[in-house]
Amino acid sequence: MATNTEKIVVQVVVKGGKDLDKLGKKTGNATKAAGGLTKGMAKMAAGVAAAAAAFRMVSGAISAAIKTAKVKAITGASTSEFLKLEKTAQDLGRSTFFTATQVATLQMNYAKLGFTTKEILLAQEATLNLATATGTDLARAAMVAGASVRGFGLDASETGRVTDVMTMAFASSALDIEKWQTSMTKVAPIAAGMNIPLEETAAIMGTLTDAGIEASIAGTSMRNIFLQMKNPASKLSQFLGFTVRSSDDLSRAMTKLSSVNGDTLDGLVQTRQVASFNVMVKGAERVQNLTEKLKEANGSAKAMAGIVGDT
């Protein structure tokens, strides 16, 4: 029995074939008399446009179907789950800025990150909002948001939280999706292991980026500073008198470090982390304010996407 996708493709191919037949007839008519050349050329141009549109429809339908089929193969989705993925790709392709093929690519990227069909369906709308609000490629938005969900050990149902924080962070600091991806992949698992939430991690990252610290250096420095904060044998932990194992511990550490002079501060971390460490400590108030702003980011991606859509 033919699938819905196969029926759609057949219908479009038949329509495309009819348009091509019409094109041939109109081309023949155009050559019958020189006096009808202009009119015939106009009709021929219309026929070419119709045939091209039909071809694009066929190509798009096939491309979306192939990508969605890959999602089924990667996730091991049942037939009913596959049909849900296929239908949502088609529906979102009709009702949003994005094509069904682009939505299918989003689905495939989430599948590569180990998201189940149910988890993909939960994450789709939030990712579409992120991409629309920030002008980001949909496939990349899915990959970066999904990696952040996984990096912090969050449930797929919290994808909306991740995309809201990302949207607000991009609007409130020098962060963008490229800088976020470069930095967050380095620090997310460490921060999660220390019970430092996404919002606070993003606020520190944004503060470092605002100071002109390159994303890769910022991410690597944050990772190493966090590792020293949790290591009881490190100079930093010994100076603090405790290890950082939570957001509250980090706040205590920042408070104590903010009263330390520069030379002492520089000696607590490795040379490569000195610049980031100084910005992090001296920018403690900025980190705190941005953290609070990101904690209140719920609905930001949808709201900003709505503004972009209206524009």
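Only one of these is within 21 Å of ALA123 (Cα to Cα) and not small (Gly, Ala, Ser): PHE226, PHE152. Name it. If you could, list the steps in order and put the result at the bottom.
Numbers: PHE226 fails: within 21 Å of ALA123 (Cα to Cα).
Of PHE226, PHE152, the one residue that is within 21 Å of ALA123 (Cα to Cα) and not small (Gly, Ala, Ser) is PHE152.
Does any residue in the range 268-282 that is free of Cβ contacts under 8 Å to residues at least 24 places away in the same chain come within less than 7 Å, Cβ to Cβ, of a residue that is surrounded by 15 or more Cβ atoms within 10 Å (Cβ to Cβ) and among the acidic types (Asp, Glu) six or more places away or on a different chain, and which pairs are these?
So the pair list comes out as VAL274/ASP266.
Which numbered condition in (1) open to solvent by 10 Å² or more (accessible area, probe 1.4 Å); (2) under 20 Å from SER276 (Cα atoms); (3) part of a helix (DSSP H, G or I) is the only one that ALA171 fails?
Only one criterion is unmet by ALA171, namely (2).
Can you pull out every residue in the range 202-219 that is farther than 23 Å from LYS256 by Cβ, without any contact (Cβ under 8 Å) to a residue 40 or more places away in the chain and assigned to a helix (DSSP H, G or I)?
THR209, ALA215, SER216, GLY219, listed by residue number.
In the range 288-302, which residue that is open to solvent by less than 90 Å² (accessible area, probe 1.4 Å) and part of a helix (DSSP H, G or I) is farthest from GLU158 (Cα to Cα)? Outline the logic, then answer.
Looking only at the range 288-302, we keep the residues that are open to solvent by less than 90 Å² (accessible area, probe 1.4 Å), and these are 290-292, 294, 297, 299-301.
Narrowing the set further to residues that are part of a helix (DSSP H, G or I) leaves 290-292, 294, 300-301.
Values: LEU290: 20, THR291: 18, GLU292: 18, LEU294: 14, SER300: 14, ALA301: 13 Å.
This residue is LEU290.
Just give me the residues in the range 213-259 being under 22 Å from LEU175 (Cβ atoms) and either open to solvent by 70 Å² or more (accessible area, probe 1.4 Å) or basic (Lys, Arg) (or both), in sequence order. Outline the logic, then answer.
Narrowing the range 213-259 to residues under 22 Å from LEU175 (Cβ atoms): 213-226, 247, 250-251, 254.
GLU214, ILE217, ARG223, listed by residue number.
Matching residues to (1) open to solvent by less than 30 Å² (accessible area, probe 1.4 Å); (2) modelled with pLDDT under 90; (3) within 28 Å of ILE190 (Cα to Cα):
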{"position": "ILE62", "(1), (2), (3)": "no, yes, no"}
{"position": "LYS70", "(1), (2), (3)": "no, yes, no"}
{"position": "LEU92", "(1), (2), (3)": "no, yes, no"}
{"position": "PHE97", "(1), (2), (3)": "no, yes, no"}
{"position": "LEU130", "(1), (2), (3)": "yes, no, yes"}
{"position": "ALA139", "(1), (2), (3)": "yes, no, yes"}
{"position": "ARG150", "(1), (2), (3)": "no, no, yes"}
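Tell me the residue from ASP266, ASP310 that is acidic (Asp, Glu) and farther than 27 Å from PHE170 by Cβ, please.
Numbers: ASP310 fails: farther than 27 Å from PHE170 by Cβ.
Within the list ASP266, ASP310, the selection yields ASP266.
Would you be able to tell me the number of residues in the range 127-165 that are closer than 21 Å to GLY306 by Cβ, over 9 Å from the mean Cα position of the chain (by Cα) and of a type in the set (S, T, N, Q)?
4
Going through GLU214, GLU178, GLU200 one at a time, which residue ends up being out of contact with any Lys or Arg (no Cβ under 8 Å at 6 or more places or on another chain), closer than 15 Å to VAL287 by Cα and acidic (Asp, Glu)? Write out each step before concluding.
Details: GLU214 fails: closer than 15 Å to VAL287 by Cα; GLU178 fails: closer than 15 Å to VAL287 by Cα.
Of the residues listed, the single one that is out of contact with any Lys or Arg (no Cβ under 8 Å at 6 or more places or on another chain), closer than 15 Å to VAL287 by Cα and acidic (Asp, Glu) is GLU200.
Please work out if THR185 is under 14 Å from SER148 (Cβ atoms) and surrounded by fewer than 18 Cβ atoms within 10 Å (Cβ to Cβ). Can you show your working first?
Working: under 14 Å from SER148 (Cβ atoms): yes; surrounded by fewer than 18 Cβ atoms within 10 Å (Cβ to Cβ): yes.
Yes: the conditions hold for THR185.
Please go through the range 106-158 and give me each residue that is β-branched (Val, Ile, Thr), within 22 Å of SER80 (Cβ to Cβ) and in a helix (DSSP H, G or I), ordered by number.
Initially, the range 106-158 is screened for residues β-branched (Val, Ile, Thr), giving 116-117, 120, 127, 132, 134, 136, 144, 149.
Next, only the ones that are within 22 Å of SER80 (Cβ to Cβ) stay: 116-117, 120.
Of everything in the range 106-158, those that are β-branched (Val, Ile, Thr), within 22 Å of SER80 (Cβ to Cβ) and in a helix (DSSP H, G or I) turn out to be THR117, ILE120.
Considering (1) part of a helix (DSSP H, G or I); (2) surrounded by 18 or more Cβ atoms within 10 Å (Cβ to Cβ), say which one GLU178 fails and leave the rest.
(2)
Hey, can you tell me all the residues within the range 258-287 that are part of a helix (DSSP H, G or I) and touching a Ser or Thr at 6+ places or on another chain (Cβ under 8 Å)? Quick ask: steps written out before the conclusion?
As a first pass, look at the range 258-287 and keep what is part of a helix (DSSP H, G or I): 262-266, 271-282, 284-287.
Hits for the range 258-287 are ARG272, GLN273, ALA275, SER276, PHE277, VAL279, MET280, VAL281, LYS282, ALA284, ARG286, VAL287.
Considering only the range 115-128, state which residues are open to solvent by 50 Å² or more (accessible area, probe 1.4 Å) and not basic (Lys, Arg). Walk me through how you get there before you give the answer.
Filtering the range 115-128 for residues open to solvent by 50 Å² or more (accessible area, probe 1.4 Å) gives 116, 118, 121-122, 125.
Result: THR116, LEU121, LEU122, GLU125.
The values are calculated or read from the model by the stated rules, or taken from the named source; none is laboratory data. Quick caveat: nothing in here was measured; it's all calculated off a predicted structure. All Cβ positions, glycine included, derive from the backbone under ideal geometry; neighbour counts span all protein chains shown. For accessibility, only protein heavy atoms count, side chains too; no ligands or nucleic acids. Shrake-Rupley method; radii C 1.70, N 1.55, O 1.52, S 1.80 Å.
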